[in-house]
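As structure tokens, the structure follows; a few thoughts come after it.
Bear in mind these aren't lab numbers, they're just calculated from the coordinates by the rules spelled out. Because the structure is predicted, anything quoted here is derived from the model rather than measured. In this analysis, Cβ positions are derived from the backbone assuming ideal geometry, glycine residues included, and neighbour counts consider all displayed protein chains.
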Amino acid sequence: MKKQTKKMIDLLLVFAMLVTMLAGCGGKSGDGSGTDSAASAQSGSEAGGDTQADVSGDKVQLTIAMWGDEARAEAYQKTLAPFCEANNCTVKIELVPIGDFFDKLASQLGAGTAPDVFWLADAKEATFIQGGWCANLKDALTADASYNFDDFYTDAITSTDYGDGGVYGVPFSFGARAIFYNKTMFENAGLKTPDEYVAEGNWTYETMFDLASKISAADSTKVGLKLWCVGQATNGVQNFADILPAYGANLLNEDSTEFILDSPEGIKVTQMVYDSMYTNGGHAKPGDDVAFVSGNVGMARECYSYMKSMVEGNVDFEWGIVPQPYGSKGADGKQYTGYAYWCANETSANRDLAVELVKFVTNPENQLAWCSTFMCPRTSVMESAEILNPGEGYPAAEDIKASFVDCVAERGLFSYRGTSEWNLLSNAVEQTYEMIWAGAYSVEEGVAEMKAAVEPYLN
Amino acid sequence: MTNEVKTKRRKTRSLEYSDSVWGYAFIMPMLIGFLIITVLPVIMTFVYSMTDKNMMSRTTNFIGMENFIKLFSDKTFRSTMWQTLEFTVLLIPSNMILTLGLASLLKDKFKGCGFFRTAVFTPVVTSVVVWGVLWKYIFQTDNGLINSVLKMMGITGPQWLMNLKMAIPISVFVTLIKGLGMNMVIFIGAMLDVPEDYYEAAELDGANKFQQFFKITLPNIAPSIFLVLILTTIGSLKVFGQVKALTNGGPGTSSYVMVFYIYQMAFQSYKFGYASAASVILFLIIVALTILQWKMRKRWVFHED
């Protein structure tokens, strides 16, 4: 009896250790990467389920995946508080660095642990939409007149339509860009400033490249021009997206079924950029990470929110903004933009509530409230005082209007229609550009190689 | 058999049983963790390698060896294997020679040796990403430290990271500097274990420092050299972070290495099955090389317990 009791005690102890260990493994602990709404019960799931409803007490908990910092997550919690109250739910925001965002989301979707609501951007939405992971929001958005669905720019709201007329993501940010220029640098070099060329009606890409080479020639420590976000998307699909249509060229046709950069205009533009980097000088070299805010760059193509960086950066030079230059197509050269979207997870157990959340957070009032952070492609937002008069230290309202609003109205917007293998397509484009910059191919050879590399990934 | 002996045996068995239960109980957390975190993913990698698993697709089909056949007809994969080999061939000898040299210099105590040891070891504890990004800035074309210094001397530096022939050697250099400290510490430890008497006897016989190094030090630290060789080989075949941060595989695909390729396939194109097949090949290469080195150790590792 004594021996059996001892054995029983041994087994019980082993069992207790296992249970304790497994309980420890399954425990939930905050990792600082997300914030719960104030009302959220602490027992909520960290990852946010999509196959089972997350319930905090008697409330459903929705999980949102976005990029950004804690301050952004907290601000969204405040924006969403009325929604949570009205729908008796809580919201947990997962912050994921944008560099890992799409990989992580894909892994979560594959594993069945994806958030209920998530952001998508940069034509990568195609992979997720065509995979059937995004809910069609159109009926919910158009059913309510106060949502003002027609207020969106047409290109923006139709950009997630992959043939069935659906709206699989609501754009909350778009990237119309302007040319930022360093007035002090132009004055020191004794050059006419871009706004003078704009006033004369001579603001062309040829002029801009010429000015860039003159700035670098005047001071070899300065970079004349940074046309794209060097160091972020060094040579990607988006880099020449503005300049190509200005000359009637483009990388892909409208529905991304054909590679068209091998047109004479496409070759000409690519050669112009190459010359600006390597022959005439002026443009930053690929991989060189220089910021306009540093004061070492004469001109840079940047988005609306970059003005905030300039104002908060307390720069010791004068700066201004002008619209992007014209090419040979004049006002017919559409402006490229990428979009960032709010999407609802089609496979979520809380799908309908997730759709309602997307509708709520993208209504006109909320998009206006967030316009200092995200320039939203709604007419009412773009023409609001919040956009045109952001505050002290910013360029004049008429300059902002001319550079970011009128320019879009005059030339129109376009975005690339993503493909189901957009990442591979984008990689192929980047890799071939790199081969051109590395001198392995001439521009013409490189473009021909790019065509062969890109074609397997077209729609 | 007397009752007393029987009782004694029973008690011994009972004690043995109790010990084994406790033993299993104590290793269980580690064992379960190992099974879930290491063994299961390895098994799943083998399973996925024979499927068309795609993270963006909700169905997975068994496709046998198709992924492996595709891999060997994939031009990028073949060049990736050659580049990984180039990386390994450049890294291992340079790493061994430099770390042995540094260990020989820094094994003796002298004024400032602590500073030098710390300086060589510091990159080991630096984040791979931070290290890669730092060197990326140093190697920038117009704004990098190296080309700025060259510019002051009137020399126009090359596009270091936008050069097809330089991408792998630069990645090797950056990896080499980062890993020197760890191997140096292993060698210093081994060198300090070599009995002083050997050197005294050699000096009496008229051996110079080089002869002492090649005839005494090297044979005596052979087990450590063997260990470092295996670790560095495996490390170089698995290199990823430096390449991702420094060149992102470019220009073109000229600095693609195996793990970077696997990452691209799994997390850029979401082809998990295909990436798993590449992982299996990498696994088999590492296992084969390790077995080969293990077999060869008998020929040159003499001083081993």
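Grab the beta carbon distance between residue B:14 and residue B:37, set R0 = 35 Å, and tell me the FRET efficiency rounded to 0.05.
0.50
My understanding is that a pair violates if its Cα-Cα distance is over 26 Å; which of A:226/B:151; B:111/B:178; A:268/A:451; B:53/B:165 do that in this structure?
Result: B:53/B:165 exceed 26 Å.
With a/c under 1.5 counting as rounded, go ahead and sort chain B into rounded, prolate or oblate using the C-alpha gyration tensor (a ≥ b ≥ c being the square roots of the eigenvalues; past the cut-off, prolate if a/b is larger than b/c, else oblate).
Taking the square roots of the gyration eigenvalues as a ≥ b ≥ c, chain B is oblate.
When you look at the Cβ of every residue in B:31-37, what mean number of other chain Cβ atoms sits within 10 Å?
1
For B:199-209, what's the mean count of beta carbons from other chains sitting within 10 Å of each residue's beta carbon?
Rounded to a whole number, the mean comes out at 0.
How far, in nm, would the chain grow between residue A:410 and residue A:268 when pulled straight, counting 0.36 nm per residue and subtracting the alpha carbon separation?
48.7 nm is the gain from fully extending residue A:410 to residue A:268.
Normalising by the residue count of chain B, find the relative contact order in percent from Cα pairs under 8 Å and 6+ residues apart.
Reported relative contact order: 28 percent.
Per 0.36 nm of contour for each residue apart, how much would the distance between residue A:217 and residue A:329 grow if the chain were fully extended, relative to their Cα-Cα spacing?
37.4 nm
Using a Förster distance of 60 angstrom, determine the FRET efficiency expected from the C-beta separation of residue A:392 and residue B:193, and round it to 0.05.
Computed FRET efficiency for residue A:392 and residue B:193: 0.30.
Which residues' amide hydrogens lie under 5 Å from the amide hydrogen of residue A:60, considering only partners 5 or more residues apart or on another chain, with H built in the peptide plane?
Distant-sequence amide H within range of residue A:60: A:90.
Taking Cα pairs under 8 Å and at least six residues apart, what relative contact order does chain A come out at, in percent?
Value for chain A: 21 percent.
Counting other C-beta atoms within 10 Å, which of A:407, A:376, B:113 has the fewest, and how do the rest follow?
The most exposed by this proxy come first: B:113, A:407, A:376.
When Cβ neighbours within 10 Å are restricted to other protein chains, what is their mean count per residue of peptide A:422-429?
Mean partner shielding for this stretch: 3.
Looking at chain A, identify the longest residue range that excludes and avoids all GluC sites (Glu not before Pro) in DSSP loops having at most 11 other Cβ atoms within 10 Å.
A:1-253
Using DSSP to define loop residues, name the trypsin sites (Lys or Arg not before Pro) in region A:153-260 whose beta-carbon has at most 15 other beta-carbon atoms within 10 Å.
Those satisfying the criteria are A:192.
Would you mind checking which residues have amide H under 5 Å from residue A:288's amide H? H placed 1.01 Å from N; only 5 or more apart, or other chain.
Those qualifying (amide H under 5 Å, at least 5 residues apart or on another chain) are B:141.
I need the phi-derived Karplus couplings for region B:173-186: 6.51 cos²θ - 1.76 cosθ + 1.60, θ = phi - 60°, integer Hz, Gly and Pro marked x.
4, 5, 5, 4, 4, 5, x, 4, x, 5, 5, 4, 4, 4
Quick one: longest stretch of chain B between exposed loop chymotrypsin sites (Phe, Trp or Tyr not before Pro), exposed meaning at most 12 other C-beta atoms within 10 Å and loop per DSSP?
That gives B:111-301 as the longest site-free run.
Net charge near residue B:128, counting Lys/Arg +1 and Asp/Glu -1 over other residues with Cβ under 13 Å of its Cβ?
Within the 13 Å Cβ shell, the charges total +4.
What are the ³J(HN,Hα) values, in whole Hz, obtained from phi via the Karplus relation 6.51 cos²θ - 1.76 cosθ + 1.60 with θ = phi - 60°, for each residue of region B:60-74 in sequence order, with x given for Gly and Pro?
Once θ is set to phi - 60°, the couplings for region B:60-74 become 10, 10, 6, 10, x, 8, 4, 4, 5, 5, 4, 4, 6, 9, 8 Hz.
How much length is gained on full extension from residue B:5 to residue B:212, taking 0.36 nm per residue of separation minus their Cα-Cα distance?
68.3 nm
Using the Cβ atoms and a cut-off under 14 Å, what net charge is assigned to the surroundings of residue B:268, where Lys and Arg are +1 and Asp and Glu are -1?
Summing Lys and Arg as +1 and Asp and Glu as -1 gives -1.
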